[in-house]
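Down below is the structure, laid out as structure tokens.
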Amino acid sequence: MFTQQAEQLIFNTVQLPSLRKNATASLTTNNKYLSTPTDFLSVFSLAVIDETGRYEYLLNKDVNFIRQAYPNPATTGIPKYYAIFGPTTTNSVTPTITNELSLILGPTPASNYTAELHYFYYPESIVTANETWLGENFDSALLNGALVQALRFIKGDAEMVALYDKLYLQSIMLLKQLSDGKLRQDSYRSGQVRDQVS
């Protein structure tokens, strides 16, 4: 449990590329809703692919914006906007609300376009998997995070909690440097890292 809590904390602190997935779906003509995958957490990007193969990346808006901009659901075209609509419902006589989220699109799709969704998800925990990216590449963050969770649970000594919390924060800083820094630049565009020389 402590390890899984540490993983969840790390995954919500640092945007690692290993936390993203890609899925395609078919939009249905005259249906403005799109269901998300079962492991969906949040959108990284959403694109609609038209008949020519061109990608049209949608802009994230509020549901009220889409309802105001496209008040008539019969207004169709290639979608330009999306919003997190809320839980999906089954199509039975008495609809059942599911745990999965759905997206609302504006305008309503005029054709059975293909949608490509890049999204964040929680990968399988190291507790149940033999190997994980985090366990293989940044075990210090995982270990220190689990120790902090365990010490807090057993009401450990405040000095020990502070020590492991400090070690955890140091490892998270290094992980953020990797994910939010090194993995988002290259020498060609950003130039090489240089330290100030006095």
(message) Can you list residue pairs whose Cβ atoms sit under 8 Å apart, with the first residue in segment 66-88 being open to solvent by 60 Å² or more (accessible area, probe 1.4 Å) and the second being assigned to a helix (DSSP H, G or I)? Count only pairs 6 or more apart in sequence or on different chains.
(response) Ile84/Val63; Phe85/Val63
(request) Out of the residues in segment 1-35 that are part of a helix (DSSP H, G or I) and among the small types (Gly, Ala, Ser), state the one that is farthest from the chain's Cα centre (by Cα). (result) Ala6
(message) Here is a list: Glu136, Glu131. Which entry is among the acidic types (Asp, Glu), out of contact with any Phe, Trp or Tyr (no Cβ under 6 Å at 6 or more places or on another chain) and either within 30 Å of Ile49 (Cα to Cα) or in a loop (DSSP other than H, G, I, E, B) (or both)?
(response) Glu131
(request) Might you check whether a residue that is of a type in the set (Val, Ile, Thr) and loosely packed, with under 14 Cβ neighbours inside 10 Å occurs anywhere in segment 112-123? (result) no
(message) Is it the case, given these coordinates, that Ile49 is touching an Asp or Glu at 6+ places or on another chain (Cβ under 9 Å), at pLDDT 90 or above and of a type in the set (Val, Ile, Thr)?
(response) yes
(message) Testing Thr38 on (1) at pLDDT below 90; (2) closer than 30 Å to Gly145 by Cα; (3) assigned to a strand (DSSP E or B), one condition comes back false. Which one is that?
(response) (3)
(request) Only residues that are over 24 Å from Tyr122 (Cα atoms) and open to solvent by 60 Å² or more (accessible area, probe 1.4 Å): list them for segment 34-56, please. (result) Glu51, Thr52, Arg54, Tyr55
(request) Pick out the one residue from Leu167, Leu174, Leu151 that is free of Cβ contacts under 8 Å to residues at least 24 places away in the same chain and farther than 23 Å from Leu41 by Cα. (result) Leu151
(request) Determine, yes or no, whether Tyr70 is among the hydroxyl-bearing types (Ser, Thr, Tyr), at pLDDT 90 or above and under 13 Å from His118 (Cβ atoms). (result) no
(message) Here are the criteria: (1) among the aliphatic types (A, V, I, L, M); (2) at pLDDT 85 or above; (3) within 20 Å of Val127 (Cβ to Cβ). Tell me which single one Leu169 does not satisfy.
(response) (3)
(request) Could you grab me the full set of residues in segment 126-185 that are open to solvent by 40 Å² or more (accessible area, probe 1.4 Å), within 24 Å of the chain's Cα centre (by Cα) and among the aromatic types (Phe, Trp, Tyr)? (result) Trp133
(message) Take the residues in segment 1-33 that are of a type in the set (D, E, K, R) and open to solvent by 40 Å² or more (accessible area, probe 1.4 Å); name whichever of them is modelled with the lowest pLDDT.
(response) Arg20
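The values are calculated or read from the model by the stated rules, or taken from the named source; none is laboratory data. These numbers come from a predicted model, not from an experiment. Counting neighbours? That spans all protein chains shown, and the Cβs are built from the backbone with ideal geometry, glycine included. What goes into the accessible areas is simple: the full protein's heavy atoms, side chains included, and nothing from ligands, DNA or RNA. Shrake-Rupley method; radii C 1.70, N 1.55, O 1.52, S 1.80 Å.
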